[in-house]
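Everything on this sheet refers to the single structure shown next.
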Amino acid sequence: MDFAFYQKLTQDSLAGVELSDEICLRILTDPKLYLLSLVHSAFIVRKTHWGMGVQIHILNNAQNGNCSEDCSYCSQSKTSNADIHEYPLKPDNEIIAEAQRAYEAGAHRYCMVFAGRGPSWQRTEHLARLVREIKSRYPIEVCVSAGLLDESKARLLAEAGLDRLNHNLNTSRENYAKICSTHTYDDRLRTLNSAKAAGLQLCSGLIAGMGEKPESLIEIAKTLRSLDAKSIPVNFLLPFEGNVVRYPDGLSPQYCLRILALFRLLNPKAEVRATAGREFHMRSLEVMCLYVVNSIFLDGYLNSRGSMRRKTYQMLLDAGFEIESEYPLEDLLEKAEESETPQESASAEGNGCSARIKTAAELRPARVG
Ligand code: SF4
């Protein structure tokens with residue numbers, strides 16, 4: 001493949017031209033493709049729209065486990081036997097204290113995640129009060145992930161000041177029934193359309209590695225493009241012991257990079273985020289993802305640990321990236337070095353065959369009240 005191929009990828013992406021399915025398939029599967037050239041094409045697009053900035057996101061499982069749904073990749077589903085720490089909704093003061101800690105750790109956005117099919121009206125009013133309180137205290141963007149929502153509930157959250165609603169498509173329409181039977185792809189699409197109609201920005205992504213074909217990944221990337229998703233979390237399936245779908249299908253570090261590049265080139269202005277499985281599947285290529293995406297999570301994912309803070313901050317500094325925070329990266333690194341013990345780092349960096357499950361203390365750090 002010659003230089004002109006990679007140059008055209010960049011030019012078309014920047015010009016807003018949707019890449020053809022044939023080109024997308026080559027990005028994902030062509031053995032002759034030069035990975036570094038592909039990453040460079042995606043990097044020019046990333047740099048044009050996002051410079052060298054990286055947005056740090058921190059997740060809070062505001063409620064964990066006991067979900068009525070059967071999403072087979074999820075350790076909170078009713079079909080999972082994963083050994084997670086389950087708890088009902090955290091008290092408001094605990095959620096607000098975690099928002100403060102996220103802000104002080106340099107987070108650009110604080111994401112509250114609630115397990116379950118979707119919130120009742122009463123729960124939605126509660127979420128709206130929480131959003132209003134956090135937005136009045138800290139200059140931080142707030143995103144909520146709460147399951148299926150109709151337009152009236154989405155409107156209530158938008159009026160409270162919510163910036164974004166997260167609701168992942170997760171996989172393609174064709175693959176959806178294989179990963180979940182309690183709701184459908186169209187239920188998810190309806191929620192995204194309701195959020196959009198209510199004026200919320202959309203955060204929606206996928207989990208790669210669940211038996212989907214490369215064509216499915218292309219379909220998801222193009223659907224998110226048509227929905228104008230402002231934020232696209234790209235997860236790579238984590239093999240939780242006890243989950244129904246456990247073994248990731250065909251995820252090599254290089255394939256993960258190809259997937260990220262595909263999502264960037266098809267969604268040039270979106271905040272593309274390397275999310276769960278970043279460390280686990282990309283291994284020594286992890287830093288390469290930063291040349292394609294402009295957003296990552298700090299402190300791990302819903303129920304799994306990621307790298308320790310200092311390692312993530314150091315990676316960003318070493319590669320010359322900046323974070324969008326009023327706290328300088330050097331100061332955040334120094335603070336993390338002071339607070340994280342060598343034992344914590346060692347246990348976080350182990351890499352067994354299953355994903356590392358978060359401890360109770362990590363899920364509910366420094367409980368208050
Ligand atoms: S992904 Fe969400 S809806 Fe599905 S089982 Fe997990 S918590 Fe429940």
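Below are the figures for this structure:
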| read-out | value |
| --- | --- |
| Antiparallel DSSP beta bridges within the chain, as percent of all bridges there, nearest 5 | 5 percent |
| Restricting region 1-34 to chymotrypsin sites (Phe, Trp or Tyr not before Pro) in coil, as DSSP defines it, with at most 16 other Cβ within 10 Å | Tyr34 |
| Computed label-point distance, nm, for sites Arg101 and Ala15 using a 7 Å Cα→Cβ extension | 5.0 nm |
| Within a Gaussian network of the chain (alpha carbon springs, distance under 10 Å), most fluctuating of Ala336, Ala99, Ala208 | Ala336 |
| Length released on extending from Asp228 to Asp30, taking residue separation times 0.36 nm less the Cα-Cα span | 68.5 nm |
| Likely footprinting exposure, His281, His126, fewest C-beta neighbours within 10 Å first | His126, His281 |
| Inter-centroid distance (Cα atoms) of region 21-45 relative to region 60-125, Å | 36 Å |
| Top of Leu169, Leu14, Leu25 by mean-square fluctuation, Gaussian network on the chain, Cα under 10 Å | Leu25 |
| Pairwise label distance in nanometres, Lys269 with Asp150, each label 7 Å out on the Cα-Cβ vector | 3.2 nm |
| Helix-derived mean residue ellipticity, 222 nm - over the chain, DSSP H n ≥ 4, -39500 (n - 2.57), to 500 | -13000 deg cm²/dmol |
| Using a Förster distance of 22 Å, the FRET efficiency for Thr184-Glu86 (Cβ separation, nearest 0.05) | 0.25 |
| Members of Lys8/Lys135; Lys135/Lys230; Lys222/Lys335; Lys8/Lys153; Lys32/Lys311 lying beyond 31 Å, as alpha-carbon distances in this model show | Lys8/Lys135; Lys222/Lys335; Lys8/Lys153; Lys32/Lys311 |
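Each value in this text was obtained by applying a stated rule to the coordinates, not by laboratory testing. In this text the structure is predicted, and so the values were computed from the model without any measurement. Ideal geometry is used to build each Cβ from the backbone, glycine not excepted, and the neighbour counts take in all protein chains shown.
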